[in-house]
Each structure stands twice: as C-alpha cells, then as structure tokens.
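Structure record follows, encoded as structure tokens.
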Amino acid sequence: MEKMKAFTRTTYGGPEVLHVETVEKPAVKKAHLLVKIAANSANPADWHILRGTPMFARFAFGLIRPNNKFLGADFAGTVEEVGEDAGQFQVGDRVFGEFLEGGTFAEYAVVPAAACALMPEGSSFVDMACMPVAGLTALQALVSHGKLQKGESVLINGSSGGVGHLAVQIAKAHGARVTGVCSARNKDFVHSLGADAVIAYDEENIHRLQRKFDLVLDTHGNLFYQDFARMGKRGVLIGFTGMRHLAVLMLRAAVGRFPLKQFTAAPNTPDLNTLASMVEDGKMRVHLEKTYFYTDIPKAIAYIEAMRTRGKVGMLWE
C-alpha cells in the first residue's frame, strides 16, 4: 500500500495533540474523488472538533476519545482518481470543497464528489481552500435561510471574520444595503469589502442600537434574542459564544414570535459553483490574513481559536 502524511490525534485537546503521521493512502470509493491536497483552511469547527466542545457533540464524535483520528474539512487540490458515479469530474481537475467527516489535513483525501466543485480559472489553491465552509455558511445564511432580496437592508455582526467578510460581499452582490459590525481596527477593512455602513462595537454598544434591518445575521454569536427582535424583521444565527447563551437564545426563539433560524451549512456542488462564479466574476474575494505551511497546521488552528482573525487563515501542502 502507498503511504502518505496526515495529521492525526488520538485524544481530545488543543492543537498540541495533533501530530503528523505516515498512514495508508486512501482508496477511492463510489461517488467519491481521490484528491491530492494542495491547500486547506482553518475554521472554528476544526478547534471545536479537536477539543470535543461543546460537550454534547461528543455523542457524535466519541464520548471519551475521538472516533475519527483525522481532522480537516476545507480543501483545494487536484483530482488524482475518479470513483464510479462521481459525475463529470476528471483526473487532473482542480477542485475545491469540504468534507465534514474530516481527513483533509493530509496529502490525499477521498471526498464525496457531491461536496466538490471546479475551481475558477486563474484562482489559487489557497484562496479556494478558504472558500467552502465560510463561503457556504455565508451564502446559505443570507440566501437559503435569510431569504435576502435585492434592496433589503442587512446587519452582519462579525463582518470582518471568515464568514462575515464573505457575507458582506455576497450580500452586496445580491443588491442589499449592508451594515457591518466589527472592531474599530477593522472598520476600514469592512468598508473596503463594500459595506455601506460600519458600526464599531467597541465604540458603540450594539445591544442598544436603535435601528431596524430586514435581516440580522450574527456570525459572532453574542447577540441576544431581544437584540434580534429589536433590530431585525428576521434573523439568522451562525456562531455562538457559549452553550448557555445558545440554549437561552433558541429557547426564546422557540416560544417567541420573532423568525430566527440557526443552521449548519450543507456542502453541495451547486452552491460551491455559485461561489466559484462569484470569484470568477470578481464579485467576491478571500482575504488571507495568514498562510502557513502544512507542518504548522496546529499553529494555524491555535491562531483562529483566538477569534481575532481578519478574513481567513490558509495552509499550503506544496
């Protein structure tokens, strides 16, 4: 059997529990692609899965120790082998996508063809590796769940982060009037993405803001039910800062009248194609704050865990 390098872990913990190991190269499966990984990106989901938090998630990931020793969702690379019934993909195609079950922090990964798409002409591996989780989350939050329409107003809380900075651009591409919420140091950055207005949370208390928007999108997870109801006609929650906060918020939403949705993005080729088209047409770009070599993937995860990232963090395998 051929061998490859991959990051593995056998216990829950911080980035220090991740180690490079030589493992067997995976075999392609039906409706899957074998992809030679060129780049990854780091997401909050990576460190949640790594640490096994929130605790209820361990019912899916393994109660005492992780069931899957491999990590990594976002990727971009080149198709090396095509499984049966894998659609129109061909060997040599440059593809990007995400695999929620993990395993893309490796030289090769077998991923569902239905969670992949062709990269746009002229795009880089690292840019497109930063797109799937964050881009799909932003797109589905705004369009699939938020039902954003041309001419509507949207407030994006956490507008400078991985999801937020893409959400600003997607909302503008859909003809919305965008107000971003971020720190004062990121105001110019969010304006540069196309936001019509920017509110600095360290200069103005967002919990007292007396303005109304058609849609309130919270990527940071620190808004309360009363914030959504006061500022929005409808809302979508993506991130959360703690389980107690999330539980109280969703309980209030369940018994209240305000239309608030919470979801996890579902990878699919049509939505990935939409993101690729927006990149190709110049309507959206990834802001890469840092790029690491693959040997420093633990450092990349530690960096985003501080939750101060402007845009995205990428990791290169070549």
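The values are calculated or read from the model by the stated rules, or taken from the named source; none is laboratory data. Here the structure is a predicted model, which means the values were calculated and not measured. We place every Cβ from the backbone using ideal geometry, glycine too, and count neighbours over all the protein chains shown. Heavy atoms of the whole protein, side chains included, go into the accessibility calculation; ligands, DNA and RNA do not. Shrake-Rupley method; radii C 1.70, N 1.55, O 1.52, S 1.80 Å.
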* To do: With the checklist (1) surrounded by fewer than 21 Cβ atoms within 10 Å (Cβ to Cβ); (2) in a loop (DSSP other than H, G, I, E, B); (3) not small (Gly, Ala, Ser) in hand, flag the one item Thr104 doesn't pass.
  => (1)
* Mind checking which residues of region 160-176 are assigned to a loop (DSSP other than H, G, I, E, B), more than 22 Å from Glu305 (Cα to Cα) and out of contact with any strand residue (DSSP E or B) (no Cβ under 6 Å at 6 or more places or on another chain)? -> His174, Gly175
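Kindly indicate the residue of region 5-43 that is in a loop (DSSP other than H, G, I, E, B) and open to solvent by 60 Å² or more (accessible area, probe 1.4 Å) and also farthest from Ala300 (Cα to Cα) among those meeting that condition.
Step one: of region 5-43, the residues in a loop (DSSP other than H, G, I, E, B) are 9-14, 18, 25-31, 42-43.
Narrowing further to those that are open to solvent by 60 Å² or more (accessible area, probe 1.4 Å): 10-11, 27, 29-30.
Values: Thr10: 19, Thr11: 19, Ala27: 28, Lys29: 30, Lys30: 33 Å.
Per the criteria, the residue is Lys30.
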* Asked: Pairs under 8 Å by beta carbon, first residue farther than 17 Å from Lys29 by Cβ and open to solvent by 40 Å² or more (accessible area, probe 1.4 Å) in region 74-93, partner charged (D, E, K, R) and in a loop (DSSP other than H, G, I, E, B), six or more apart or different chains?
  -> Thr78/Asp93
* Filter region 61-85 for residues that are at pLDDT 95 or above, small (Gly, Ala, Ser) and assigned to a loop (DSSP other than H, G, I, E, B) and give the result. => Gly72, Ala73, Gly83
* Do you know which residues across region 141-159 are open to solvent by 10 Å² or more (accessible area, probe 1.4 Å), out of contact with any Lys or Arg (no Cβ under 7 Å at 6 or more places or on another chain) and part of a helix (DSSP H, G or I)? -> Val143, Ser144
* Can you work out which of the residues in region 49-73 that are touching a residue at least 40 places away in the same chain (Cβ under 8 Å) and of a type in the set (Gly, Ala, Ser) is nearest to Gly122 (Cα to Cα)? => Ala73
* To do: Search region 252-294 for residues being open to solvent by 70 Å² or more (accessible area, probe 1.4 Å) and in a helix (DSSP H, G or I), and hand back the single one that is nearest to Lys212 (Cα to Cα).
  => Arg252
* Asked: Taking the stated definitions as given, is Ala306 of a type in the set (A, V, I, L, M, F, W, C) and either farther than 23 Å from Gly158 by Cα or in contact (Cβ under 8 Å) with a residue 24 or more places away in the chain (or both)?
  -> no
* Taking the residues in region 177-202 that are closer than 23 Å to His245 by Cβ and assigned to a loop (DSSP other than H, G, I, E, B) as candidates, determine which candidate is most open to solvent (accessible area, probe 1.4 Å). => Tyr201
* To do: Could you give me the residue pairs with C-beta distances under 6 Å whose first residue belongs to region 8-34 and is under 28 Å from Arg51 (Cβ atoms), whose second residue is small (Gly, Ala, Ser) and surrounded by fewer than 20 Cβ atoms within 10 Å (Cβ to Cβ) wherever it lies, and which are 6+ apart or on separate chains?
  => Tyr12/Gly52; Pro15/Ala302
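Identify all residues within region 239-251 that are assigned to a loop (DSSP other than H, G, I, E, B) and open to solvent by less than 30 Å² (accessible area, probe 1.4 Å); write none if there are none. I'd like the intermediate steps shown before the answer.
So the first thing to find is which residues in region 239-251 are assigned to a loop (DSSP other than H, G, I, E, B), and the list is 239-242.
Passing the criteria: Gly239, Gly242.
Scanning for something closer than 19 Å to Phe75 by Cβ, among the charged types (D, E, K, R) and part of a loop (DSSP other than H, G, I, E, B), does region 217-235 turn up at least one residue? Can you show your working first?
Residues of region 217-235 closer than 19 Å to Phe75 by Cβ: none.
Checked region 217-235: no residue is closer than 19 Å to Phe75 by Cβ, among the charged types (D, E, K, R) and part of a loop (DSSP other than H, G, I, E, B).
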* Long-range neighbours under 6 Å by Cβ, at least six apart or interchain, first residue closer than 20 Å to Asn205 by Cβ and free of Cβ contacts under 8 Å to residues at least 12 places away in the same chain within region 152-180, second in a helix (DSSP H, G or I) and not aromatic (Phe, Trp, Tyr) -> none
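What's the total number of residues in region 205-253 that are out of contact with any strand residue (DSSP E or B) (no Cβ under 9 Å at 6 or more places or on another chain) and not basic (Lys, Arg)?
Adding up the residues that qualify gives 12.
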* Being touching a helix residue (DSSP H, G or I) at 6+ places or on another chain (Cβ under 8 Å) and acidic (Asp, Glu) is the filter here, so list the residues in region 258-297 that pass it. => Asp271
* With respect to Met307, determine if the residue is open to solvent by 80 Å² or more (accessible area, probe 1.4 Å) and either of a type outside the set (D, E, K, R) or part of a loop (DSSP other than H, G, I, E, B) (or both). => yes
